[in-house]
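Before any comments, here is the structure.
The values are calculated or read from the model by the stated rules, or taken from the named source; none is laboratory data. The structure displayed is predicted, hence computed values, not measured ones. Note that each Cβ is placed from the backbone with ideal geometry, even for glycine, and that neighbours are counted across all protein chains shown. Note: accessible area is taken over every heavy atom of the protein model, side chains too, but ligands, DNA and RNA are not part of it. Shrake-Rupley method; radii C 1.70, N 1.55, O 1.52, S 1.80 Å.
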Amino acid sequence: MAKCKCGGRTRIASEVVRSMGNCQCVDVCATPICQDPDVLGIMTPMIYDEIGINLCTTFDAGTIPATVTNGKIRVLNATYTYGTGNVQLETLTGRPNCVDVTLTNITVQFALSLYDSACRLVTTLYPTAVYLPSDVTAPTYDEDTNPSSVVLQIFAPYGPAYTADAALTPVVNFVGFTSGNNSLQQGINLFAMAKLLDLNLEESTVTVGLTLVLQSLYFAGYKVRSEGKIDIPKGSIVTPEDSQCLRFVAGDLLNLQIKPLDLGAPMYEEENKQECFGRNICGSCGDGAADITIPMEPTPAP
């Protein structure tokens, strides 16, 4: 690390900045940079490994109306518990970067949409079924298509996530379509996709194929090339009247102008948080620069 003096105060700069001789006073805290960056620094979930399996079983769907001729299905939720005879995670001896995940007793909730011959929605049912039942006498058990359990090995170099209680149990986060499970978490995630293979109207049963995908996922910072902000399409209200509000409604969408920092080569904007005596909105600062108040409200996009 090297030291730069700017605005009468000592600042710590990187060796790269010192080697460039770059000790200029540009205070992005007071003078935000307005242009688009060439490179964006993002924190993104990265998939380190994944593995999937297919299962299939037949189960009761509930009361199916007589007008139904076809349907489609999707997974909403999956619930399971941990411990002997249930879901377990085990780090392999001598292989600390891999985890054996035992999946069993997974109760899956579906959204089954049913349609008539004109493809009009008749009703939506929400049946549940147990996949990978540990009890071999369970009605959904099948040795070939829905066994009692499976063990999936996954590369998870930073390990699984844990419960926040005193037990600190390693967990598998299910990613579904309810408000409580529709987000990713660091560690090991599980998600499912379903396909309706058969709809038995006489017995009100369905045969559903299920794909389970296990992923090890961790958040990491990456650099990506930027092509500017998203251009949001705008709907317009057409009216013969004219007023300040109507002109605004008919005008361009508001757009936040201040850009994120590049935080690295080639701009080295992380070194720009310096106090300056003079500043402008978008340019470099220095002695004699005009002191312009930075607008606090968003301005219309060009």
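Residue count for segment 220-230, restricted to those that are surrounded by 14 or more Cβ atoms within 10 Å (Cβ to Cβ) and not charged (D, E, K, R): 1. Just so you know, in segment 201-216 the residues that are under 22 Å from Val150 (Cβ atoms) and hydroxyl-bearing (Ser, Thr, Tyr) include one that is nearest to the chain's Cα centre (by Cα), and it is Ser216. Those strands (runs of 3 or more DSSP E) of segment 163-270 in which 2 or more residues are within 23 Å of Met46 (Cβ to Cβ) and free of Cβ contacts under 8 Å to residues at least 40 places away in the same chain occupy 187-200. Scanning segment 158-172 for residues that are aliphatic (A, V, I, L, M) and either surrounded by 17 or more Cβ atoms within 10 Å (Cβ to Cβ) or within 18 Å of Leu92 (Cα to Cα) (or both) turns up Ala161, Val171, Val172.
Does any residue of segment 55-67 turn out to be polar (S, T, N, Q), open to solvent by less than 70 Å² (accessible area, probe 1.4 Å) and touching a Ser or Thr at 6+ places or on another chain (Cβ under 8 Å)? So far as segment 55-67 goes, yes, one or more of its residues are polar (S, T, N, Q), open to solvent by less than 70 Å² (accessible area, probe 1.4 Å) and touching a Ser or Thr at 6+ places or on another chain (Cβ under 8 Å). With respect to (1) open to solvent by 40 Å² or more (accessible area, probe 1.4 Å); (2) not in a strand (DSSP E or B), the lone exception for Val151 is condition (2). The set of residues in segment 95-145 being open to solvent by less than 80 Å² (accessible area, probe 1.4 Å), out of contact with any Ser or Thr (no Cβ under 8 Å at 6 or more places or on another chain) and assigned to a loop (DSSP other than H, G, I, E, B) consists of Ala118, Pro127, Ala138. The residues of segment 71-94 that are exposed (fewer than 13 other Cβ atoms within 10 Å of the Cβ) and polar (S, T, N, Q), listed by number, are Thr81, Thr84, Thr93.
Of the residues making up segment 173-192, those that are within 12 Å of Ser216 (Cα to Cα) and open to solvent by 30 Å² or more (accessible area, probe 1.4 Å) are Leu184, Gln185, Gln186, Phe191.
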